[in-house]
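Below you'll find the structure, written out as structure tokens, and then a few comments.
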Amino acid sequence: MLVRPTSFLAALLSLNVAFAATAADLHISPAGNDANPGTVEKPLLTLTAARTAARAAKAAGPVTILVHAGTYYLPETLLLTPEDSGTEAAPVTYAAAPGEKPIVSGGQKLNLKWEPYRDGIMKAAVPADFTTDELFVNGERQILARYPNFDPKAQYFNGASADCIAPARVARWANPAGGYIHAMHGAMWGSLHYLITGKDAAGKLKYEGGWQTNRPSGMHGSIRFVENVFEELDAPGEWFHDAKNHVLYFYPPKGLELSAAVVESVRLKHLIGVKGTADNPVKFIRFQGLTFRHAARTFMETREPLLRSDWTIYRGGAIFLTGTEDCAVEDCLLDQLGGNAIFASNYNRRLLVARCHIFKSGASGVCFVGDPNAVRSGLTDVGRGQDIKDIDRTPGPKTSNYPADCIVEDCLIHLVGRTEKQTTGVEIEMAQGITVRHCSIYDCPRAAINIGDGCWGGHLIEFCDLFDTVMETGDHGSFNSWGRDRFWNLGHADPNKISQGDNQDLPKLDAVKTTILRNNRLRCDHGWDIDLDDGSSNYEIRNNLCLNGGLKNREGFYRVVENNVIVNNSFHPHVWFKGSEDIFRRNIVFKHYEPIGVPTPWGKEIDYNLFHVLGQSKIAPAVELQKQSGRDEHSQMADAQFINPAEGDCRVKDDSPALKLGFVNFPMDQFGVQDKSLRVMARTPEL
């Protein structure tokens, strides 16, 4: 089992001791005053004032800013710099006061005078400088006026229609400038988003955008919708802001007492910014027990290409960290945020995200994304290659400007990607040694966990529950990776001979450490449970329960797939190079293999696998598997004798033929979140 570095364990221990008995407690409350000393009797009012007070107080020891119940509307992003750092012995903690649930908001509360407009729609005057792209009523995100109307049961975008920008519909719009078109990528690999700039003299719609994926495509012909167009305000829950005339319109749902409702808008993209550098990092700052809400959507800024993966990204989030060491986000609720919830950009070491609930974010849950300039011979264009004589042959990164040794643990992440569909629960790109452990991630438009390249490996994904994924896209998996690294599409290098002679380490120039997937439960009904796509190399995949979509290895090298149970499906080897050195052994499969373009014999070792045939007590050679792989000399077919598959226990009985082939039972009751408060909320997959 991977363990945290000793210094990090010591740091966490000191954090917990500090929280129990701090040298200085500073209190803030909505009833406070920034002229107060910050005592429990005379609390401060704002986080900004608490930050200033903590700078002075930390010299005496650990500091805890205790945030009392209420909503704290930030006038600007709360920026924490090296000046705000704690130490291992004296950390700085921003924590909810015991038993209280404070909210940190990037929006503002609106005090409005509503009056009827027409057809059940209400209106209210707003200040001339008022802007927002989201509206919350009693804590729930409302629906920006759209066509087709919001349908919670619709698979794509909660409602899509081919005619959303048809000439006849566009003709109804007096001035659609400021509206948006949201569409699926033509190949269903993500979503594209466009800002409507107006109509030309002939009445044709004008718009710009579509840069939100790294695999260019026109918008999908039918899976698309429009929003923020006034004439489409026609359903309960919808709203529209007329910026020209400074009027907010809202169609309240039936039963809502609007005069007594709490109405909030959104202003900030980033609520918290923790910003240092590799040479001068922010250290030992922790956020605990806080709720974060009201971060603006960022889909029009999702345009930075990430190496040769399919992705572009917006390098930002409601909590944004860069240049940090030993910081933590624990026991927090990140609720209905407009873009990415947590973003660790470039240099971050030993960041801990633990026991957090991330829910209904517009983009991804947690992102670890390094600096492209840290990559040797890196490319961003998927179609480009380079010549073997031109690449840097030095293994690993060329700088330290990337996330490493970070942990996401015991987190519940679901319903991410509410706006953007090229998103995921946890994104890992240009990073090393990221652990994702005991997380429940589901209801995702694409993967639950995505690793975008081989840079620089060493990741550990274990005891996670990943399901209900690829719900709005295609050609993907619950876990997905790419490995279009230095060896990929390499001129004057025969890919069938890369693992031979002087070039045998080419696939490990970037994937310098082995990435491990173990003890996870995965289910994908619209793709693969585990999808190691183009070039993914240097993986160990062990002790996983795959419930439906099977396990796929596409072009790549040095992958060991061992001791997995692949229910209702099988192994999908796609377009392997000769000399892949892949191993597939001691697995239980339910169907024959599903190969595409793999010359026999396959890989380095394919053997000792059991083809499960329900009710077949007689053990027989797995002849068809042998024919397919050109290997499987010792593989067999028989009933695996599962203990209780109907309840998800796919361990096998003591006399199972799988055990005789070397299969080893692994726990079936440790998947997903373990924290009691999260576990009671978390769903589990259908079996």
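The values are calculated or read from the model by the stated rules, or taken from the named source; none is laboratory data. Everything quoted here is computed from the prediction, not taken from an experiment. Backbone-built Cβ (ideal geometry, glycine too); neighbour counts: all protein chains shown. Side chains included, ligands, DNA and RNA excluded: accessible areas come from the protein's heavy atoms. Shrake-Rupley method; radii C 1.70, N 1.55, O 1.52, S 1.80 Å.
List of remarks:
- Highest average packing first - 80-88, 507-515, Cβ atoms within 10 Å: 507-515, 80-88
- Rounded percent of accessible protein surface that carbon and sulfur make up, the stretch 227-339, 1.4 Å probe: 48 percent
- With Cα atoms, 0 to 90° folded angle of helix 47-57 axis to the chain main axis: 80 degrees
- Global form of the stretch 131-247, assessed from the alpha-carbon gyration tensor, a/c cut-off 1.5: oblate
- Placed amide H near residue 559: partners under 5 Å, 5+ positions off or other chain: 538, 539, 582, 583
- Taking every DSSP bridge with both residues inside the chain, close to 25 percent are antiparallel.
- Estimated FRET transfer efficiency (residue 496, residue 230; beta-carbon r; R0 45 Å; 0.05): 0.15
- Candidate lysines - alpha carbon under 21 Å from residue 497, same-chain residues fewer than 8 apart omitted: 389, 508, 578, 604
- Partners of residue 109 within straight-line reach, counting aspartates and glutamates whose Cα lies under 19 Å from its Cα and excluding those fewer than 8 residues away in the same chain: 76, 129, 133, 134, 140, 238, 242, 257, 264, 335.
- Helix-only mean residue ellipticity at 222 nm for the chain, each DSSP H run of n ≥ 4 adding -39500 (n - 2.57), per residue, nearest 500: -1500 deg cm²/dmol
- For the stretch 154-193, the solvent-accessible area of protein heavy atoms averages 35 Å² per residue (probe radius 1.4 Å; ligands and nucleic acids excluded).
- Using a simple spin-label model with pseudo-atoms 7 Å out from Cα toward Cβ, residue 177 and residue 489 lie 3.9 nm apart.
- Whether the stretch 447-577 is rounded, prolate or oblate, judged on the alpha carbon gyration tensor where a/c under 1.5 counts as rounded: prolate
- For the pair residue 41 and residue 653, the difference between a 0.36 nm per residue extended length and the Cα-Cα distance amounts to 214.0 nm.
- Residue separation of residue 669 and residue 300 scaled by 0.36 nm, minus their Cα-Cα distance, works out to 128.7 nm of gained length.
- Cα centroid separation, the stretch 527-592 to the stretch 289-355: 30 Å.
- Packing-based order for 307-314, 378-385, using average beta carbon neighbours within 10 Å, highest first: 307-314, 378-385
- Only protein atoms count toward the accessible area here, which uses a 1.4 Å probe; on the stretch 51-110, the carbon and sulfur part of that area reaches 56 percent.
- Counting protein heavy atoms only, the stretch 512-633 has 47 percent of its accessible area on carbon and sulfur, 1.4 angstrom probe.
- Once the 1.4 Å probe is applied to the protein heavy atoms, the stretch 326-427 comes out at 25 Å² accessible per residue.
- Less than 5 angstrom separates the built amide H of residue 34 from those of 45, all sequence-distant by 5 or more or on a different chain.
- Per residue value of the accessible surface for the stretch 538-687 (all protein chains in place, 1.4 Å probe), Å²: 44 Å²
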